[in-house]
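Novice: Shown below is the structure under consideration.
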Amino acid sequence: MIDFQLTQEQIALRDKVRRFALEEVLPVSKKYDRSEEFPRDVLEKAFKAGFMNLGIPKEYGGAGYSAIETVVVVEEMAAACAGITTSAYANDLGAKPVILMGTETQKRKVLTALTEKLRFISFATSEPNMGSDVAGLQATCERDGDNYVLNGNKFFITNGDVADFIVIFARLKGTKRHEGICAFIVPRDTEGLSTGTPMMKLGHRASDTAVVMLHDARVPAENRIGREGDGFLLAMLTFMHTRPAIGAMATGLARSAMEYAINYAKQRDAFEQKIASFQSIQHIVADMYARIEAMRLLTWKAAWLLDHGQGAEANLASSCAKLVGAEDAMRIATDALQVYGGRGYLEQYAIAKLFRDAKLFQIYEGTSQVQRNIISRYLFKDYQPVIKTF
Ligand SMILES: Cc1cc2nc3c(=O)[nH]c(=O)nc-3n(C[C@H](O)[C@H](O)[C@H](O)COP(=O)(O)OP(=O)(O)OC[C@H]3O[C@@H](n4cnc5c(N)ncnc54)[C@H](O)[C@@H]3O)c2cc1C
């Protein structure tokens with residue numbers, strides 16, 4: 001059966017998070033964008049309201065939301081501020097490897113720590129010389145008795161500077177490409193782990209992005225997630241679960257950009273009439289609306305497949321949701337800025353921030369090119385054409 005309706009409970013959840021986003025996130029969105037401060041007080045409120053740790057199961061104190069519920073929450077939060085949402089959702093990204101492959105002991109320790117008070121967990125594959133090519137990561141891990149010794153640098157790590165735990169991906173010395181990558185839960189206070197000052201960014205300025213350095217950092221072997229060599233698969237499985245949320249963030253941002261554009265078009269005069277009366281403006285917003293509907297449906301489909309355990313299909317749908325979401329959010333933010341004319345270029349109007357924030361969706365959690373690689377790999381390998389004779 002195909003059902004595009006949210007349940008009554010999901011609608012109530014959407015309304016609750018929407019209220020929270022409008023009352024607590026939107027009013028401070030500009031302030032944090034300007035100051036580039038970490039929005040701890042808003043995140044504390046989001047934590048208390050149950051809008052963080054969305055996918056952490058209830059038995060560990062999390063919200064226990066399904067993938068569908070998660071994307072509903074994320075869209076509403078991002079409609080108010082994508083940067084604050086990136087900060088909040090980073091816990092779901094960091095916790096996912098533990099949920100997917102962690103032992104019961106690891107789950108009790110880490111997931112419970114994240115839900116008993118406001119704490120942060122980061123996810124770290126990227127390095128100064130590697131982002132898209134996860135199999136090419138160079139940080140190393142070496143077994144030494146009951147420990148592993150980690151060395152190398154991680155780059156662009158969301159919440160890296162404020163995290164209590166960082167899931168670090170590193171390779172066993174002497175291994176190549178996918179085979180020897182391991183994932184570790186590394187407590188922030190581990191000797192040998194240090195972080196750089198937060199990086200200044202074009203957008204998502206309310207999120208902390210930091211370098212994480214490892215110099216002979218010793219991590220107990222019991223902190224390894226999965227078996228030796230499971231790291232690459234674990235990173236890819238994590239992205240499969242988290243990319244729909246990036247599609248949802250993109251949808252939320254695009255929705256706001258459209259609403260700002262419509263509102264502005266109704267007020268702005270040119271040639272003795274409202275610019276909303278020009279068909280070219282009407283068509284711009286019509287395209288925005290149609291695209292936003294498509295973005296949300298793709299996101300929901302990917303989330304639905306995840307909720308129904310459809311692994312391979314979900315992976316493809318996750319990439320489609322992220323690709324279309326990211327590309328359309330950028331396009332819609334650009335078009336909304338155009339509707340504003342010169343004022344769109346001024347920081348005093350909300351649209352400039354949306355334009356800057358939209359760009360990141362095309363980059364993190366796998367660039368748009370990487371999503372196209374995943375989709376085209378499927379098309380040239382496993383896709384079954386309907387037409388058999390050409
Ligand atoms: C604000 C921010 C937050 C981030 N947060 C995190 C985080 O929390 N954890 C984490 O691990 N990482 C994080 N990242 C890193 C992010 O995932 C990487 O920036 C991204 O994967 C791209 O890697 P790169 O920057 O090294 O670009 P590169 O991999 O060097 O790519 C450069 C360009 O080449 C293209 N390209 C590369 N390979 C191919 C290919 N095979 N085919 C076609 N085109 C290709 C890319 O699409 C891109 O356009 C974050 C990045 C930013 C900017």
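Rule-based calculations on the coordinates, nothing more; no lab input. Everything quoted here is computed from the prediction, not taken from an experiment. Positions of Cβ are generated from backbone atoms using ideal geometry, with glycine treated the same way; all protein chains shown enter the neighbour counts.
Novice: If only one of ALA82, ALA95 is under 24 Å from ARG255 (Cα atoms) and either more than 16 Å from the ligand (Cβ to nearest atom) or crowded, with 24+ Cβ neighbours inside 10 Å (or both), which one is it?
Specialist: Checking each option against the conditions leaves just ALA82.
Novice: Sticking with this one: Checking the conditions here, which among ASP230, ASP287, ASP269 is under 23 Å from the mean Cα position of the chain (by Cα) and of a type in the set (Asp, Glu)?
Specialist: Step by step, each of ASP230, ASP287, ASP269 is checked, and only ASP230 is under 23 Å from the mean Cα position of the chain (by Cα) and of a type in the set (Asp, Glu).
Novice: Follow-up. For GLU116, only one of the following conditions fails: (1) more than 14 Å from PRO57 (Cα to Cα); (2) under 23 Å from the mean Cα position of the chain (by Cα); (3) among the acidic types (Asp, Glu). What is its number?
Specialist: (1)
Novice: Residue by residue through the range 151-197, note down the ones that are on the phi > 0 side of the Ramachandran plot and in contact with a helix residue (DSSP H, G or I) (Cβ under 6 Å, 6 or more places away or on another chain).
Specialist: ASN159, ARG177
Novice: Here's a check for you: in the range 222-250, which residue that is away from the ligand (no atom under 16 Å from the Cβ) and in contact with a strand residue (DSSP E or B) (Cβ under 6 Å, 6 or more places away or on another chain) is farthest from ALA78 (Cα to Cα)?
Specialist: Only one residue fits best here, namely GLU228.
Novice: A further question follows. Name the pairs whose Cβ atoms lie under 7 Å apart, with the first residue in the range 344-368 and aliphatic (A, V, I, L, M), the second more than 16 Å from the ligand (Cβ to nearest atom) and not in a helix (DSSP H, G or I), and 6 or more positions between them or separate chains?
Specialist: Matching pairs, first to second residue: ALA352/LEU346.
Novice: Turning to a different aspect of this structure: Pull up the range 159-210, narrow it to residues that are of a type in the set (Val, Ile, Thr) and surrounded by fewer than 18 Cβ atoms within 10 Å (Cβ to Cβ), then point me to the one that is nearest to the ligand (Cβ to nearest atom).
Specialist: Across the range 159-210, the extreme among qualifying residues is THR197.
Novice: Condition first: free of Cβ contacts under 8 Å to residues at least 24 places away in the same chain and of a type in the set (D, E, K, R). Now tell me which residues in the range 260-303 satisfy that.
Specialist: Within the range 260-303, LYS266, ASP269, GLU272, LYS274, GLU293, LYS301 meet the criteria.
Novice: If you scan the range 121-147, which residues turn out to be buried (at least 24 other Cβ atoms within 10 Å of the Cβ) and more than 11 Å from the ligand (Cβ to nearest atom)?
Specialist: CYS141
Novice: Taking the criterion of being over 27 Å from ASN315 (Cα atoms) and surrounded by fewer than 16 Cβ atoms within 10 Å (Cβ to Cβ), would at least one residue in the range 222-231 satisfy it?
Specialist: yes
Novice: Among the residues of the range 241-266, write down those that are under 21 Å from the mean Cα position of the chain (by Cα) and among the basic types (Lys, Arg).
Specialist: Scanning the range 241-266 gives ARG243, ARG255.
Novice: Then there is this: Restricting to helices (runs of 4 or more DSSP H) lying wholly in the range 310-390: which have 3 or more residues that are of a type in the set (A, V, I, L, M) and away from the ligand (no atom under 15 Å from the Cβ)?
Specialist: Helices (runs of 4 or more DSSP H) meeting the threshold: 311-340, 350-361.
Novice: Something else: Would you call GLY55 part of a loop (DSSP other than H, G, I, E, B) and in contact (Cβ under 8 Å) with a residue 24 or more places away in the chain?
Specialist: Details: part of a loop (DSSP other than H, G, I, E, B): yes; in contact (Cβ under 8 Å) with a residue 24 or more places away in the chain: yes.
Taking the combined requirement at face value, the residue satisfies it.
Novice: Here is a check on your reading of the model: is LYS107 in contact with a helix residue (DSSP H, G or I) (Cβ under 8 Å, 6 or more places away or on another chain) and charged (D, E, K, R)?
Specialist: Yes, satisfied.
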